[in-house]
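Just so you know, all these numbers are worked out from the coordinates, no wet-lab data involved. Small disclaimer: the values here were computed from a predicted structure and weren't measured. Reconstructed Cβ throughout: ideal geometry from the backbone, glycine too, with neighbour counts over all protein chains shown.
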Amino acid sequence: MNIFFDQLLKKAQHQSSNIFCEVWVDDVRTVITWADLLHRSLQFASFYRQNGAINGDIVCIILKHHPDIYPAFIGAMLAGAVPSFLPFPTPKQDKESYWSTHEKVFARTNAKLIVTYAELKEQIESRIVNLGASILDHADAHGVEPIMIGRNDLPPSSQLALLQHSSGTTGLKKGVMLTYDAITRQLTSYQQALNITHDTDVKIATWLPLYHDMGLIACFMLPFFSGYHILSIDAFDWTARPAKLFEIVETGRATHMWLPNFAFNHLVRAVPRRASHDLSSLQAIIDCSEPCKQESFDKFIERFSAFGVERTALQTCYAMAESVFAVSQSDTGKIPRSLWIDAPELRSSGVVRILNEPDAKADAIRVLSSGPPLDGIEIAILKDGAFMPDGRTGEVLLRGSFMFSGYFNDEETSKNSYHEQWYKTGDVGFMLDGEIYITGRLKDIIIVNGKNIHAHDIEETVNQVSGIKPGRAVAFGMYDEVVGSEKLIIVAERDGAHEDQEIITSLNSAITANFGITPSDIRLVAEGWLVKTTSGKIGRGENMTKYKQKT
């Protein structure tokens with residue numbers, strides 16, 4: 001029995017006119033009822049089978065924001081296939097990198113079908129030879145006779161349900177294998193952590209792309225599994241006009257949103273000062289995907305409390321595709337715990353020494369709890385092969401009932417991702433009083449003359465300097481054979497309002513004051529120079545390569 005589809009079948013039969021999703025494309029609103037979703041999904045299922053898809057085949061879906069994104073995905077599942085969202089190319093991406101990466105992804109997954117839009121269909125056909133997959137235009141599924149599927153025809157709960165591809169900050173995107181069982185257990189546990197049920201009136205406002213785990217799981221799979229209502233706008237529309245998100249919250253009376261940390265800052269900066277929106281319906285605005293920052297919460301509340309946003313609505317979550325989504329979640333309705341920590345001691349010994357806020361000077365960092373782990377998952381902290389007690393930093397390890405089944409067609413990486421039975425996340429953090437705090441990434445640590453510094457801490461400092469375009473800076477270490485240590489490199493996009501030398505002087509002063517080191521090189525570049533991943537993160541490895549090529 002596969003209960004993952006229960007809400008779809010129940011709603012389509014007994015509450016067919018209830019709204020599953022409202023989709024805005026270029027300000028045109030399309031309403032998808034549960035009956036619409038089932039009918040259209042069964043059309044796609046028929047379309048896939050007509051084109052040769054059988055149980056277990058991989059169906060890659062590359063669509064722009066469109067009402068078809070939801071039934072195209074569910075239709076693959078109903079056909080017994082395994083869907084996977086992939087991003088479409090954008091003008092800001094390096095074209096050769098996009099095509100090279102996706103050609104490898106198609107080959108590794110041995111994709112049976114690639115479902116896309118007409119323009120990209122032509123590009124794939126001309127760009128990639130010997131593809132081995134059929135390329136379909138999603139529009140051709142319209143008018144196809146839906147197949148009939150009963151409960152006995154649904155894929156078993158133990159079957160692979162989907163592939164969630166990582167955002168690809170380093171190396172080739174890995175296909176995270178998730179079964180229906182794992183997804184169901186995750187979503188059931190996450191509902192409990194959020195203090196919501198199938199019967200709760202939940203409306204989720206989102207701009208998040210579905211090829212990212214936060215968009216796919218929190219803003220699609222969760223409402224699909226639980227019978228919630230989605231209010232969805234395009235990510236590019238949101239970037240261009242962030243207030244559009246507030247407009248759909250206000251008109252749709254949304255109750256929940258998930259946002260990466262940078263989005264809180266973007267909304268504060270970009271929503272017009274003259275704007276006024278009623279956001280009082282929001283019960284939870286959940287910070288996820290990046291290290292959560294108290295400073296971002298403070299700025300958001302200062303800016304939007306007049307819109308009806310309560311401080312208790314700002315919540316935190318630690319999540320990743322390998323655990324389906326959420327690992328931990330702060331207690332909804334309560335303000336997440338925030339700590340000031342002695343920075344030199346944390347960097348030198350990994351010991352968490354809590355400071356009183358009045359004592360928090362330049363040599364302190366502020367960390368925000370991501371809450372306790374969900375039921376069904378355990379967290380451990382490992383350093384130098386030993387498990388750490390509370391208040392000691394190390395690599396975050398996970399094990400539990402809703403972990404992934406490995407990386408698709410990559411047994412070596414799957415095997416190397418574990419320490420004994422624990423999954424190695426690559427994140428650095430610590431446990432304290434039953435809650436997890438994330439401080440950085442192992443691969444993002446820069447070691448300069450024995451001093452460990454997190455790249456994102458450097459980048460956060462850089463982004464505060466006048467003359468730097470916010471959110472457009474990257475820091476990385478490059479090994480220097482002469483000194484036998486890494487040297488700090490900073491590449492940042494200028495905003496055009498200040499002289500380069502003035503910016504460089506300010507950056508040097510800020511880095512030296514906060515970290516006690518001097519950058520070996522500060523490279524100021526034009527807007528658009530830096531490479532970002534499809535999920536909007538700085539691609540550290542790609543930018544390091546680009547820096548070397550330009551040096």
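So here's what we get for this one:
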| read-out | value |
| --- | --- |
| Dipole of the chain [Lys/Arg +1, Asp/Glu -1 at C-beta], most positive-end residue of Ala111, Asn409, Thr239 | Ala111 |
| Positive dipole terminus of the chain, leading residue within Thr206, Leu382, Ile128 (C-beta point charges) | Ile128 |
| Computed [θ] at 222 nm, helices only, for the chain once each DSSP H run of length n ≥ 4 contributes -39500 (n - 2.57) | -9000 deg cm²/dmol |
| The chain, relative contact order in percent, only Cα pairs under 8 angstrom and at least six apart counted | 10 |
| Simple Cβ-charge dipole of the stretch 272-335, Lys/Arg +1 and Asp/Glu -1, about Cα centre, in debye nearest 20 | 300 |
| Size of electric dipole in the stretch 115-273: Cβ of Lys, Arg +1 and of Asp, Glu -1, about Cα centre, debye, nearest 20 | 640 |
| Flagged links, alpha-carbon separation over 27 Å, of Lys203/Lys532; Lys334/Lys443; Lys203/Lys334; Lys469/Lys548; Lys121/Lys532; Lys293/Lys546 | Lys203/Lys532; Lys334/Lys443; Lys293/Lys546 |
| Within the chain, percent of DSSP bridges classed antiparallel, to nearest 5 | 65 |
| Cysteines (scope the chain) whose Cβ has no counterpart Cys Cβ under 4.7 Å | Cys21, Cys60, Cys219, Cys292 |
| 13 Å cut-off, amide nitrogen to a point 7 angstrom out along Glu295 Cα→Cβ, residues in the stretch 488-516 | 510-511, 514-515 |
| Within straight-line cross-link reach of Lys174, lysines at Cα separation under 16 Å, skipping those fewer than 8 residues along the same chain | Lys104, Lys415, Lys424 |
| Label-to-label distance, nm, for residues given as Asp495 and Ala240 (7 Å Cα→Cβ offset) | 2.3 |
| Calculated Rg and Dmax of the chain using C-alpha coordinates, Å | 23.4, 72 |
| Debye intensity ratio I(q)/I(0), log10, the stretch 231-318, q values 0.17, 0.20 Å⁻¹ (C-alpha model) | -0.64, -0.93 |
| Dipole magnitude of the chain, debye to nearest 20 (Cβ charges: Lys/Arg +1, Asp/Glu -1, about Cα centre) | 300 |
| Phi-based couplings in Hz for the stretch 394-411 (Karplus 6.51, -1.76, 1.60; Gly and Pro marked x) | x, 6, 7, 10, 9, 8, x, 8, 10, 7, 5, 9, x, 9, 4, 6, 8, 5 |
| For the stretch 41-192, radius of gyration divided by Kirkwood radius, i.e. Rg to Rh on alpha-carbons | 0.97 |
